[in-house]
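The next block holds one structure in the form of structure tokens; read it before the comments.
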Amino acid sequence: MDNRLILIGLHELEGVGWKTILHLLNRFPEPERLLTLSTAELTAKGIRASVAAQIATQFNRSFIEEKLHLYRKQSIQIITILDDDYPPILKEIAQPPWVLYVKGKLSLLKGPILGIVGTRTPTLYGKRIAEEWADALSRTGFSIVSGLARGIDSKAHIGALKGKSKTVAVLGCAINHIYPRENALLYKRIEQEGVIISEYPIGTGMRPGMFPQRNRIIAGLSLGVTVVEAAADSGSLITVDFALEESRDVFAVPGPIDSKQSVGVHKLLKDGAKLVTQVEEILEEYKHIIRMEELGASKKQSQLFTLTVEEDEIFRKMSNQPVSIDSLLEDGQFTFGHLHAVLLSLVMKKAIKQLPGSTYILA
């Protein structure tokens, strides 16, 4: 049995984590020996007694074959750090996953990838930036990686799906577990058009530390990570920490100075993250790997959404649910004629759509 299958089998053993596998591989340069050793022989090599007993009693060819059959039955691909399909950039990090479980287009893991992360409770401004920028970056040849969480992550995935290079979703749970449940349809769409990955075997129960650990994979796959909105204690800042540790670029989108959702972003800017106010400032860092005509197309796309101060004020009040002109009049400082002119301009810029009954919705 080859080493990759042995590695998959070890990874499937309950209670055998990343460090334990490293320890075992260091102790046994020929991992196939683990299929035949007794508890005493394993402990003699310095393996913890509980792990040694588990390997000696459970770890065999039948165990591995049963696990492989389970994943084949659910159309889940498995790649290991020993495989050619494993993303080279991910091998560079301090703790690369030994095994990745994959649904979707595995080839997306080989292309250039940029991360977009942020708060789970974004403002309309944050949602718009995440979706539009992910779309524009995807059109230039970058896949967008994020964590399939609600908020900025979801908007980044949705935007990237509009482009040509699609999106990578890194789960903080087993690959057959959809969390949060509200993203079930998005999960299915990414499975069909993008790629979903997890390092957690089927049957792994959810634990608090799994999501922060997931963030190292997001950072590890990325050439650079853009933070759209993040509160002072946002989990997305953990991704930034991993990105910095792995010498990845960190970009920060500024927000209003009185917005709680931007406190963490502004701290990043003070600490030296690159301030970006348009997609081209990110693309400029990677112009050596994208064609200039694609950069021009991205600029043309972003210009469609350049808004005046008044347009931006109205745009922030829009959502995916219809908003009536009466509610906008009650909520703002505009006269009917002025408001109607601003709304018409937003419709012409394809930022919003007009629906019957003088209601409007995000385009």
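What is the set of long-range amide H partners of T226 at a cut-off below 5 Å, with H atoms built 1.01 Å from backbone N?
Those qualifying (amide H under 5 Å, at least 5 residues apart or on another chain) are G115, I116, V117, F251.
Residues with beta-carbon under 13 Å from that of G255, excluding G255: net charge, scoring Lys, Arg +1 and Asp, Glu -1?
In short, +2.
Could you work out [θ]222 nm for the chain from helices alone, using -39500 (n - 2.57) per DSSP H run of at least four and dividing by all its residues? Round to the nearest 500 deg cm²/dmol.
-13000 deg cm²/dmol
When ranked by the protection proxy of mean other Cβ atoms within 10 Å per residue, highest first, what sequence do the peptides 222-235, 85-98 form?
Result, highest mean first: 222-235, 85-98.
For mean projected area of the Cα convex hull in nm², pick the label among (1) 17.0; (2) 33.2; (3) 20.1 that corresponds to the value derived from the coordinates.
Computed from these coordinates, mean projected area of the Cα convex hull in nm² corresponds to label (3).
What does the charge add up to near I178, with Lys and Arg as +1, Asp and Glu as -1, over the other residues with Cβ less than 14 Å from its Cβ?
Combined, the nearby Lys, Arg, Asp and Glu give +2.
Quick one: what are the phi-derived ³J(HN,Hα) couplings along the stretch 345-355, Karplus 6.51/-1.76/1.60 with θ = phi - 60°, whole Hz, x for glycine and proline?
Values per residue, Gly and Pro as x: 5, 5, 5, 5, 7, 6, 7, 9, 10, 8, 10 Hz.
Calculate what fraction, in whole %, of the accessible area of the stretch 1-100 sits on carbon and sulfur atoms when a 1.4 Å probe is rolled over the protein chains.
49
Going Cα to Cα from K45, which lysines come in below 22 Å? Please leave out same-chain ones fewer than 8 positions away.
K19
Would you tally the net charge around R216, using a Cβ to Cβ cut-off of less than 10 Å, leaving R216 out, and scoring K and R as +1, D and E as -1?
Charge balance near R216 sits at -3.
The values are calculated or read from the model by the stated rules, or taken from the named source; none is laboratory data. Quick caveat, the model's predicted, so the values are computed rather than measured. FYI the Cβ positions are ideal-geometry reconstructions off the backbone, even for glycines, and counts take in every protein chain you see. Each accessible area value is taken on the protein alone, full model and side chains, heavy atoms only, with ligands, DNA and RNA left out. Shrake-Rupley method; radii C 1.70, N 1.55, O 1.52, S 1.80 Å.
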